[in-house]
Every structure is written in C-alpha cells, then in structure tokens.
Amino acid sequence: MIPHDKTPQPGVVKESMLAPSAEIATSIQRERRRDERVNTEIRVRVRRLEPKSWHSGLCVSLSAGGMALQVGQNLNVGEIVEIELQGSDGVTRTCGRVVHRSLYRYGIALIAENTIK
C-alpha cells in the first residue's frame, strides 16, 4: 500500500518530480554560457569578409557575448563576419567569429572590431 502523501494525483506536480537526475543536471551545467541569452526575431545582414558579400538572415538568440543566427548561406567555423542588426531604432553593427554550425544555424561569438585585421 502506498502512503497517502505519496499517492500520485492527476494534475498535481510535486517539486520532487521536477528535480533533474544527476546525469541531466551535469549535462545542463556543461551547456551553461557566461551570459544570459534572450530569444529574439531580429532581421540581420551578414557580410563575409572573403569573398565580400552580404546575406540576409535572422537573429534567433542574443546575449552580451554572442548570438545565434539563421542564414541561408554557407559560413565556415572560424570565419569572421560583420553583422548588421536591423531594429526599429536603426541599424546596429558588430563583428563576430563563427564558432558553431548546425545546417544553416550559426553560433557567433562577438569580438571587438579593433581586433580584426
């Protein structure tokens, strides 16, 4: 017989049910980034430095240290790109290095413009 306080009740979620297993908790810690991310839908233009060409895309995640972009163009991991974020208050320009690729979704680490040669 199950004690009354441990009997599962439909529609009731106890805090102990939400606690991740040690394996999942370890996985979550490994994926943590230094900066908090915000999901976005900001139109962007990405300029490759070699060959010099602009491509339209979408910024789907943004943080102080980087962003996730969806761009219908092949970018190479390690490549430096210039990015224009097109907001309602104008255009913001920045530079970044492609650090991750999954199909046409790219992880970009922001870098200071004066470090680009």
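Residue-wise test of (1) farther than 17 Å from residue 104 by Cα; (2) assigned to a loop (DSSP other than H, G, I, E, B); (3) touching a strand residue (DSSP E or B) at 6+ places or on another chain (Cβ under 7 Å).
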| site | (1), (2), (3) |
| --- | --- |
| 35 | yes, yes, no |
| 44 | no, no, yes |
| 51 | yes, yes, no |
| 55 | no, no, yes |
| 59 | no, no, yes |
| 64 | yes, yes, no |
| 75 | no, yes, yes |
| 86 | yes, no, yes |
| 92 | yes, no, yes |
>> Go through (1) among the hydrophobic types (A, V, I, L, M, F, W, C); (2) at pLDDT below 95; (3) surrounded by 16 or more Cβ atoms within 10 Å (Cβ to Cβ) for residue 59 and report which single condition fails.
In response: (2)
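For residue 93, state whether it is under 21 Å from residue 112 (Cβ atoms), at pLDDT 90 or above and over 17 Å from the mean Cα position of the chain (by Cα).
In short, yes.
Working only within the stretch 83-100, note down all residues that are in contact (Cβ under 8 Å) with a residue 40 or more places away in the chain and either touching a Lys or Arg at 6+ places or on another chain (Cβ under 7 Å) or within 17 Å of residue 52 (Cβ to Cβ) (or both).
84, 86
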> Of all residues in the stretch 51-82, how many are charged (D, E, K, R) and in contact (Cβ under 8 Å) with a residue 24 or more places away in the chain?
Replying inline: 2
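The values are calculated or read from the model by the stated rules, or taken from the named source; none is laboratory data. Owing to the predicted nature of the structure, the values given are computational and were not obtained by experimental measurement. Positions of Cβ are generated from backbone atoms using ideal geometry, with glycine treated the same way; all protein chains shown enter the neighbour counts.
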